[in-house]
Structure formats: structure tokens, C-alpha cells
Amino acid sequence: MAGRFKDKIIVITGAGSGLGQAAALRLTGEGAHLSLVDIKMEGLEATKQQLAEAGGAGEMLLLTADVSDENAVQRYVSETMERFGRIDGFFNNAGIEGKQALTEDYDSQVFDKVIDINLKGVFYGLKHVLPVMKQQGSGSIVNTSSVGGIRAVMNQIAYGASKHAVAGMTKDAAIEYAEHGVIVNAIAPGAILTEMVIGSFKQINPQDWQSAAKEFVKDNPAKRLGKPEEVASLVAYLLSGEAPFLTGAIIPIDGAQSAKY
């Protein structure tokens with residue numbers, strides 16, 4: 001639906017790659033003005049280039065921020081407000097996988113880093129964007145959880161803990177702000193073909209990540225990896241506000257893998 005986001009202001013974290021980049025491409029094609037946030041300016045510039053090549057016509061603000069730093073989160077929200085005056089949608093997406101290891105072998109410093117980015121980063125985003133939307137009386141938020149937030153994944157204790165927590169925070173925020181016209185949902189992607197997922201397969205098989213991917217999808221009912229643009233379509237729908245009574249949901253997008261016994 002072209003024009004669904006005409007003149008809407010959307011903030012995307014983790015916008016320099018993966019799902020954030022895919023969502024930016026989808027939303028600019030529907031008329032959105034974007035505030036793009038990433039820890040690295042190089043990634044943001046790459047996204048900007050892709051948007052230009054795709055013919056995106058909306059305004060764009062590029063902001064570097066470490067989402068695990070609350071002051072940096074507060075700054076990207078305030079700079080977005082200074083530029084655009086409102087926030088209609090927020091894709092609260094930035095995250096990392098960490099390292100794969102048995103729980104007893106898991107590096108505690110890596111655990112802390114995963115929690116700081118995946119859990120605290122999402123919390124800080126909610127904390128500083130929700131008051132804006134409450135004041136407006138409208139807004140849609142999509143948090144990025146994971147199938148690792150609704151079921152267990154071997155050797156990923158930190159990632160699983162953080163993504164389960166994101167699912168819980170999504171439900172809390174949804175019930176607290178529904179009466180103020182604010183919609184809060186989460187997506188739970190499975191293995192989507194992004195650099196982060198490729199990195200995960202490389203941890204399993206450094207010499208041949210494609211073989212690790214092929215082995216993984218054997219157990220997926222769809223027999224394939226997901227595409228970033230498929231996730232972007234779901235994010236766009238949830239941010240559109242077309243179904244305002246849909247709030248507090250954790251929505252898997254994983255080829256039915258999480259539904260499988």
C-alpha cells in the first residue's frame with residue numbers, strides 16, 4: 001500500500017544493517033520520514049545509499065548511538081523530536097547475538113554486553129519514546145524479540161535471556177499504554193538471512209557456513225531461511241496502525257519452526 005506512511009516519522013535502531021536496513025527500505029518506499037540510528041556511521045551511510053538508489057523520497061536523519069547508553073538513547077529521541085516534532089513509529093530493533101557456548105562456559109563479560117544491548121537498549125528506547133507517544137495520543141512500537149525469546153536455543157543463554165525479556169517488556173508496555181492510543185508489539189524472527197545470522201552459522205562451521213545453514217533449515221517446515229524483506233513487511237504492517245486492537249503480541253516469523261514440536 002503505497003503512501004501508507006506519507007509524512008509519518010519513524011525511528012529505526014540498528015538501521016545500518018539487517019532487519020533495520022530492510023525496514024528502512026520498505027518504509028521509505030511508503031512515504032515515511034526516517035530517523036535512522038546505529039552505532040556505526042558507515043552502516044547508516046550504506047543504508048542511505050540504498051534508500052537513494054531505491055528512490056526513497058522521505059526526509060532522513062542519521063544518528064549514531066550506543067543503545068546500551070541511556071544518555072545516547074535520550075539524545076537520539078530528543079534529536080528526532082528537534083528535527084521532526086513527533087514520533088509516529090518506533091522499530092526498537094538494535095541487537096547482537098553474542099557468542100555460542102554452553103552455559104557453564106559462557107563468558108560473563110559477553111553475557112553482560114548482550115544484556116546491555118538487547119535488553120537495556122530496548123528498555124531505554126521504550127522509556128524515552130513512550131512518553132512522546134503518550135503525549136501525542138498515538139504511536140506504534142515494534143520491538144525485536146526472536147524465536148529465541150519464545151523457545152530455547154542451544155548454547156545461547158545470554159541471547160535467549162535477553163529476547164525472552166524483550167517479549168515480557170513488550171507485554172508490560174502494551175498494557176500500560178493501550179489506553180493512551182499507543183500500540184506495542186514484538187516480532188520474533190527465526191533464522192533470517194542477515195549478517196548476524198550468517199555470523200551465527202560461522203560460529204558453528206567457520207569453514208563452510210552454508211553447510212551449517214543447510215543443516216539448520218532441514219528442521220524448518222518451510223525448508224529455507226527467511227528474507228529480511230519478509231520481516232520488513234511484517235514490521236511495516238505493525239507500525240502502520242491498521243489494526244490498533246492488535247497490541248501486546250509476540251509474532252513469530254520463522255516458517256512455522258516455533259510451532260513445531
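The values are calculated or read from the model by the stated rules, or taken from the named source; none is laboratory data. Since we're looking at a predicted model, the values are computed, not measured. We place every Cβ from the backbone using ideal geometry, glycine too, and count neighbours over all the protein chains shown. Side chains are part of the model used for accessible areas, which takes the heavy atoms of the whole protein and leaves out ligands, DNA and RNA. Shrake-Rupley method; radii C 1.70, N 1.55, O 1.52, S 1.80 Å.
When ligands, DNA and RNA are left out and all protein chains stay put, how many square angstrom of accessible area per residue does the chain have with a 1.4 Å probe? Walk me through the numbers before you get to the answer.
Working: 12340 Å² over 261 residues.
On a per-residue basis, the chain sits at 47 Å².
Compute the label zone of residue 40 within segment 89-112: residues whose backbone N is under 20 Å from the point 7 Å along Cα-to-Cβ.
93-100, 110
When the chain is fully extended, how far beyond the present Cα-Cα distance does residue 79 get from residue 175, taking 0.36 nm per residue of separation?
Numbers: separation 96, 0.36 × 96 = 34.56 nm, distance 2.77 nm.
Working it through step by step, the gained length comes to 31.8 nm.
Quick check for me: using +1 on Lys/Arg Cβ and -1 on Asp/Glu Cβ, what's the dipole size of the chain about its Cα centre, in debye to the nearest 20?
Working: 24 positive and 30 negative charges, 118 e Å.
For the chain, the charge dipole is close to 560 debye.
What percentage of the solvent-accessible surface of the chain, computed with a 1.4 Å probe over protein heavy atoms, is contributed by carbon and sulfur atoms? Don't jump to the answer; show the numbers that get you there.
Values: 6490 of 12340 Å².
The C+S portion of the solvent-accessible surface of the chain is 53 percent.
Which of the peptides 110-121, 247-258 is most tightly packed, and how do the rest follow, going by the mean number of other Cβ atoms within 10 Å of each residue?
Going by the mean number of other Cβ atoms within 10 Å, highest first, we get 110-121, 247-258.
Compute the helix-to-body angle for 195-204: its Cα long axis versus the longest principal axis of the chain, expressed 0 to 90° and rounded to tens.
Helix 195-204 sits at roughly 10 degrees to that axis.
Can you tell me how much longer the chain between residue 242 and residue 86 gets when fully stretched, taken as 0.36 nm per residue apart minus their C-alpha distance, in nm with one decimal? Spell out each step's value before the answer.
Numbers: separation 156, 0.36 × 156 = 56.16 nm, distance 1.91 nm.
Working it through step by step, the gained length comes to 54.3 nm.
Work out the charge dipole of the chain with +1 on the Cβ of Lys and Arg and -1 on the Cβ of Asp and Glu about the Cα centre, then indicate which of 121, 106, 154 is farthest towards its positive end.
Ranked along the dipole, the leading option is 154.
In nm, to one decimal, how far is the residue 211 label point from the residue 7 one, both placed 7 Å along Cα→Cβ?
The answer from the label model is 5.7 nm.
How would you rank 14-23, 152-161, highest first, on the average number of other Cβ atoms within 10 Å across their residues? Working shown, then result.
Details: 14-23: 26.1, 152-161: 17.8.
Per-residue Cβ counts within 10 Å, averaged per peptide and sorted highest first, yield 14-23, 152-161.
What is the angle, in °, between the Cα long axis of helix 228-240 and the longest principal axis of the Cα atoms in the chain? Nearest 10 is fine, range 0 to 90.
Its long axis makes an angle of about 40 degrees.
How would you rank 165-177, 215-227, highest first, on the average number of other Cβ atoms within 10 Å across their residues? Show your work: numbers first, answer last.
Values: 165-177: 18.5, 215-227: 13.8.
Highest-to-lowest ranking by the protection proxy: 165-177, 215-227.
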